[in-house]
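Below is one structure, written out as structure tokens, with a few remarks after it.
The values are calculated or read from the model by the stated rules, or taken from the named source; none is laboratory data. Since the structure is predicted, the reported quantities are computational estimates derived from the model, not experimental observations. No Cβ is skipped: glycine too gets one built from the backbone with ideal geometry, and neighbour counts run over all protein chains shown. Note: areas computed on protein heavy atoms with side chains; ligands, DNA, RNA excluded. Shrake-Rupley method; radii C 1.70, N 1.55, O 1.52, S 1.80 Å.
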Amino acid sequence: MAKPEGGVQSVGRAFHLLELIAESSSDLSLSELAALVALPTPTTHRLLKTLVALGYARQLSTRRYGLGMGLVRLGEQANMQFAPMARPHLEKLAERTGESANIAVLEGDMVVYIAQAPSPHPMRMFTEVGHRAHTHSTGVGKAILAELDPERVRKIMAKTGMPVATEHTITDLGRLEEELRRIKQQGYAIDEGEQAIGVRCYAVPVLGVPIPMALSISGPEFRVTAELGEQAVPLLKSEALELAAKLNG
């Protein structure tokens with residue numbers, strides 16, 4: 001985490017602790033957290049004690065620390081406020097491509113869909129807002145994973161596993177890592193029927209924002225062709241840039 005310019009140092013340290021716990025995909029001990037933030041153990045303990053009291057962290061029976069339920073409430077409220085900001089970009093994508101447009105964020109070890117603009121076609125993809133999905137078998141999930149540290153990707157896969165959704169689902173970690181390197185290089189991901197047979201999805205990451213997220217368009221593969229993908233990817237990247245600027249503004 002970059003050090004904040006000005007502000008209250010203890011606030012920045014507290015958020016750093018929360019980010020470290022989130023990124024670890026598991027609970028951490030006081031000594032581990034103190035080492036990670038390079039602070040004396042008593043200082044780290046005081047910060048954690050405050051976070052636990054506020055409900056943003058929790059101390060387990062093992063005396064290790066995990067994220068608290070207070071963050072769930074904040075996350076839900078943030079998603080409710082964020083969706084209206086994203087909707088114009090999704091509507092533009094749906095209008096220009098003719099397919100359903102989605103935005104999803106990484107929440108813990110899964111992707112969560114937080115807004116959608118539906119395709120005008122009678123036959124279309126519908127993903128319920130709030131739906132949680134595995135990262136390895138979705139376009140948005142792979143677009144997000146490609147921007148993460150490889151070690152964090154391995155931790156996510158170790159925790160969630162790589163369950164089979166269809167015959168096209170990637171279930172081998174080495175193959176997934178190879179796919180993520182390709183996605184990182186080209187700047188977009190494709191879900192080739194990996195989550196649902198007969199469905200194709202193009203997705204791009206939204207870069208430079210506080211939480212990992214991705215935009216996508218999806219639909220039946222007979223409409224979402226490679227030719228449509230050539231048109232959709234630049235549109236997705238353009239809307240992702242505009243959305244990132246709006247969120248950081």
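Data for the structure
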{"item": "Where a residue in the stretch 159-183 is in contact (Cβ under 8 Å) with a residue 60 or more places away in the chain and its partner, wherever it lies, is loosely packed, with under 14 Cβ neighbours inside 10 Å, with Cβ under 9 Å and at least six apart", "result": "Lys159/Ser26"}
{"item": "Breaking point among (1) assigned to a loop (DSSP other than H, G, I, E, B); (2) open to solvent by 30 Å² or more (accessible area, probe 1.4 Å); (3) modelled with pLDDT of 95 or more, for Thr169", "result": "(2)"}
{"item": "Which numbered condition Gln231 misses (of (1) polar (S, T, N, Q); (2) open to solvent by 40 Å² or more (accessible area, probe 1.4 Å); (3) out of contact with any helix residue (DSSP H, G or I) (no Cβ under 8 Å at 6 or more places or on another chain))", "result": "(3)"}
{"item": "First in the stretch 100-127 and on the phi > 0 side of the Ramachandran plot, second anywhere and outside any strand (DSSP E or B), Cβ under 8 Å, 6 or more apart", "result": "Gly108/Ala22; Gly108/Ser25"}
{"item": "Hey, Lys92 open to solvent by 30 Å² or more (accessible area, probe 1.4 Å) and modelled with pLDDT under 95 or not", "result": "no"}
{"item": "Residues that are in a helix (DSSP H, G or I) and hydrophobic (A, V, I, L, M, F, W, C), drawn from the stretch 70-102", "result": "Leu71, Val72, Leu74, Ala78, Met80, Phe82, Ala83, Met85, Ala86, Leu90, Leu93, Ala94"}
{"item": "Residue that is most open to solvent (accessible area, probe 1.4 Å), among those in the stretch 150-164 that are assigned to a loop (DSSP other than H, G, I, E, B) and within 18 Å of Leu106 (Cβ to Cβ)", "result": "Pro163"}
{"item": "Subset of the stretch 115-127 [open to solvent by 80 Å² or more (accessible area, probe 1.4 Å) and either closer than 11 Å to Ala104 by Cα or aliphatic (A, V, I, L, M) (or both)]", "result": "Met123"}
{"item": "Matching residues, the stretch 138-153, being touching a Leu at 6+ places or on another chain (Cβ under 7 Å) and without any contact (Cβ under 8 Å) to a residue 60 or more places away in the chain", "result": "Leu145, Ala146, Val153"}
{"item": "Every residue from the stretch 172-193 that is acidic (Asp, Glu) and part of a loop (DSSP other than H, G, I, E, B)", "result": "Asp172"}
